[in-house]
Each structure stands twice: as C-alpha cells, then as structure tokens.
Amino acid sequence: MLASIKKAGSLTRAVSAGQRRFLSIHEYQSVNLLNSYGIATPKSIAAKTPQEAFDIAKNFGQDRLVIKAQVLAGGRGKGKFDSGFQGGVHMVDSPEQAREYASKMIGSKLITKQTGAGGRECNAVMLAERRDPAHEYYVAVLNDRASQGVVLVASNQGGMNIEEVAAKDPDAIITTPIDLKEGLPMSTALALAKKLGFSTEAAQQEAADTFLNLYKIFKDKDATQIEINPLAETTDGHVLCMDAKFGFDDNAEFRQKDIFALRDISQEEPSEVEAHKYGLNFIKLDGNIGCLVNGAGLAMATMDVLATHGGHPANFLDVGGGATADTVKKAFEIILRDPKVKSIFINIFGGIMRCDFIAEGVIKATKELQLDIPLVVRLKGTKELEAKQMIKDSGLKIIPFDSLDDAAEKAVQLAV
C-alpha cells in the first residue's frame, strides 16, 4: 500500500511493525464488510472444501466465475502452491472445474513474493462472478503521519502496483485530507470522482458514495487502512470494489469484537501468535542475533546499533514494563526456537521495569533451558547493581557490559 513504502531489510521492517500493529482479514470477509455498508462488489461466496466449491458454483446463477485462494498475502495470482500447482487465482467455467481447482488450493501452502519461502496455508477459496472493467482505479483510506489525520488516496491508474505509479508519475496520486470532525463532504467526494475520470454522472455518484462509505467503515471499525485495488467502472456503467485489503488497530480489539472474531491465526507467524498471548511485542526477522529489550524505542535503537556493527537481528522483542521472571523465560523460549539464532543480546533500561526482575528471568531461563549459545547482557537503571550481582553470583556464562556499543559489538562477534 502507498502508506507503507519502506526500505528493504529486516531492521526497517521491525521498526515499522513495532510502530504499527494491525489485524488483517481475508478477502471474502472484506467483501462481506463492504456489502454491509452498502458498497457494491461482485457477488462472492467462500468455500472451505472442494465439495462446497462445487455446490456454490452449481447454484451460483451463472457459469463465468473466478476462484481465488484466500491467503493473507499479495501477489496471489502469480503465486505457486507447495504442491506445484501454479497460481492462486483462476477463471472457472463449470462446477467441476471449481471443485478441481479448490482441491488443488485448499490444504496447500501458497508461496508469493510476500509470504516468504514457507508460504501460507490456504484454508478457503472464494468464488466470485466475473465483471468486466472498462477502467480500473485505486482508492485507499489511511492514517497519514504528515497531516496527523486521515486521508483519502486515489488514482486513475488502478489494478497495478501503486508504489510504482507513485514513483513514475507522482501527479497520478491524488491525496485528499479528511477532517475528523466534519468527515468527507459529498461535494468533495463528487469532485474527486470527476477528477479521476468516471465517465457518467451516475458512475460519479456511485464512486462518491463508495468514498463516503469507505470512510464510514474506517471510522466505525477503527481501521488503520482500507485499500481498494482495483475500484472498477464496469462496462455496464457501475462502480464496484473488485478487491479489498483491510487493516484494523489491535488496540481497538476491546470494542471491535465482531471484527477481531474474524482473525485467522493460521496466516500468522506462530511465534508471534504465542508471544502475543504473554503480552510480548514480538516480530520475527531474518537475522541471527536474538534480541530481548524493554521499550519499542530502545528495541529499535538496539537493532540500529547491531546493524552499525554489521549484525542482523533475528527478532524485534519488547518485553514491556510489566515483565516478570516467567515472562522473560517465555521470551527466551520463543527466541531459541529460531535455529538461526547464534547469540542473544539483552539490553534493558530499568525505569518502570526493574533490572533485578530481568536478571532473575535470565538466570532462570539459562538454567532451565540449558542455554548453550552466547548471552550478552547490558542492564542500566533501577536495581542495576543488584541485578549485576545476581548474574555474577549465578556462576553462569553470561557476558555483562555497561557500554551499549561494546555489548552490541560483542553480540555480533559471537554470532559469526
């Protein structure tokens, strides 16, 4: 999406992930949400077995359908299943063909440019009617840091990678700020529809209504992003959302029970799911230095220092201010499940979090987990002296440091 144009690399990914947490939902769930707000989409029905796909196609009311693998990743059409079957999106012309394709998708892992080599399991497919677009557009409702508010981002060059459009032709991207109190006026929405080039007054009105309702969902459901690519004006003159990507603020889970009930943890990294249960902010990365830090800012600074010394973090892990010895032990368990981890770097600033609690957890984890990889520890702040004495008295092979640079450099050396 346009709002998440980032540099490549695990460090930047960690920074972004640490700053923004959001729930994603499947396309068929997004379609249901759009329809509940009066937003038009092609008729679509999900199936969780090949037989369901056959029955849906048989009773759909038309033969020209599309079958889409329901996996939380972009690039599904160009993806490949671990079974060897090519493509997560196919045209379907009969119920038998729907069943055949569904049998090759459901239960297999789809590998795309966004999933990594392991892929993500396909547990459902979506059958949708084919609607022919005369022109494709892009529209998104996003939180914007620059304006510290919500913006509607649109382009008449939809159906393609919006980052590439932004890079090649910045003028093709139209950004419209939305006042949080006033909302999006119909006059503004209509003016945008005309500027984008919707061909008739009827299509312009449908597009404007879509813009207003997308913002309504964004506000009502505590969304962090709504991305429609493409938004199509069809050959019969109607405006339809042909694909949708939603993100919702995890902090709003307490008041968005219906949305968060849609969460599919099979699409998430298992270690991240487990960490969330214990109140740990954890994002798995692709390096070989395990990190355990308190505070998102310090965690990002720690990874910056490791990168400066040529190191590669294996994770972003913020234990927060309320960690206990048992929480720290659980954090160790999650870090150590990654076979690529060659050293662990603990960097704690004791403010709300007491250093002696961390030391207790480190000692407990080292003993009980029979830790056999190098462990570098830097503790500063509340109960620092007590914590250092506990580590010294433990007799364990824990390497203490006072200097952040020295500690990071040692962790990198030990990971080689």
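Filtering the stretch 198-234 to residues that are assigned to a loop (DSSP other than H, G, I, E, B), in contact with a strand residue (DSSP E or B) (Cβ under 8 Å, 6 or more places away or on another chain), closer than 18 Å to Pro133 by Cα and modelled with pLDDT of 95 or more leaves only Phe198. When restricted to residues that are of a type in the set (A, V, I, L, M, F, W, C) and assigned to a strand (DSSP E or B), the stretch 354-400 contains 6.
Within the stretch 84-103, being farther than 13 Å from Met126 by Cα and either of a type in the set (D, E, K, R) or outside any helix (DSSP H, G or I) (or both) holds for Gly84, Phe85, Gln86, Gly87, Asp93, Ser94, Glu96, Glu100.
Within the option set Lys113, Lys104, being farther than 29 Å from Phe248 by Cα, outside the structural domain of Val239 (by the TED database) and either of a type outside the set (Ser, Thr, Tyr) or exposed (fewer than 13 other Cβ atoms within 10 Å of the Cβ) (or both) holds for one residue only, Lys104.
I'm trying to understand the selection: among the residues of the stretch 277-308, which are open to solvent by 40 Å² or more (accessible area, probe 1.4 Å), of a type outside the set (D, E, K, R) and farther than 16 Å from Val412 by Cα? Matches in the stretch 277-308: Tyr278, Gly279, Asn281, Gly297, Leu298.
Listed here are the residues, each with its yes/no results for (1) in contact with a Phe, Trp or Tyr (Cβ under 7 Å, 6 or more places away or on another chain); (2) open to solvent by less than 40 Å² (accessible area, probe 1.4 Å); (3) in the same structural domain as Thr224 (by the TED database); (4) outside any helix (DSSP H, G or I).
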{"site": "Ala57", "(1), (2), (3), (4)": "no, yes, no, no"}
{"site": "Asp63", "(1), (2), (3), (4)": "no, no, no, yes"}
{"site": "Gly74", "(1), (2), (3), (4)": "no, yes, no, yes"}
{"site": "Tyr138", "(1), (2), (3), (4)": "no, yes, yes, yes"}
{"site": "Leu142", "(1), (2), (3), (4)": "no, yes, yes, yes"}
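Checking each residue in the stretch 78-129 for being charged (D, E, K, R) and either in contact with a strand residue (DSSP E or B) (Cβ under 8 Å, 6 or more places away or on another chain) or farther than 13 Å from Gln51 by Cα (or both) picks out Lys78, Lys80, Asp82, Asp93, Lys104, Lys109, Lys113, Arg120, Glu121, Glu129. Restricting attention to the stretch 32-51, the residues being in a loop (DSSP other than H, G, I, E, B) and under 14 Å from Tyr215 (Cα atoms) number 3.
When Thr224 is tested against (1) open to solvent by less than 50 Å² (accessible area, probe 1.4 Å); (2) in contact with a helix residue (DSSP H, G or I) (Cβ under 8 Å, 6 or more places away or on another chain); (3) of a type in the set (Ser, Thr, Tyr), exactly one condition is not met: (2). The single condition among (1) part of a helix (DSSP H, G or I); (2) under 11 Å from Ile39 (Cα atoms) that Leu240 does not meet is (1). Output the residue which, of all residues in the stretch 342-386 that are under 30 Å from the mean Cα position of the chain (by Cα) and open to solvent by 10 Å² or more (accessible area, probe 1.4 Å), is nearest to Asp406 (Cα to Cα). Ranking the qualifying residues of the stretch 342-386, first place goes to Phe349. Of the residues making up the stretch 319-327, not a single one is under 23 Å from Met303 (Cα atoms), in the same structural domain as Ala299 (by the TED database) and at pLDDT 85 or above.
The values are calculated or read from the model by the stated rules, or taken from the named source; none is laboratory data. Here the structure is a predicted model, which is why all the values come from computation and not from measurement. Cβ: placed from backbone, ideal geometry, glycine included. Neighbour counts: every protein chain shown. SASA here: full protein model, heavy atoms, side chains in, ligands and nucleic acids out. Shrake-Rupley method; radii C 1.70, N 1.55, O 1.52, S 1.80 Å.
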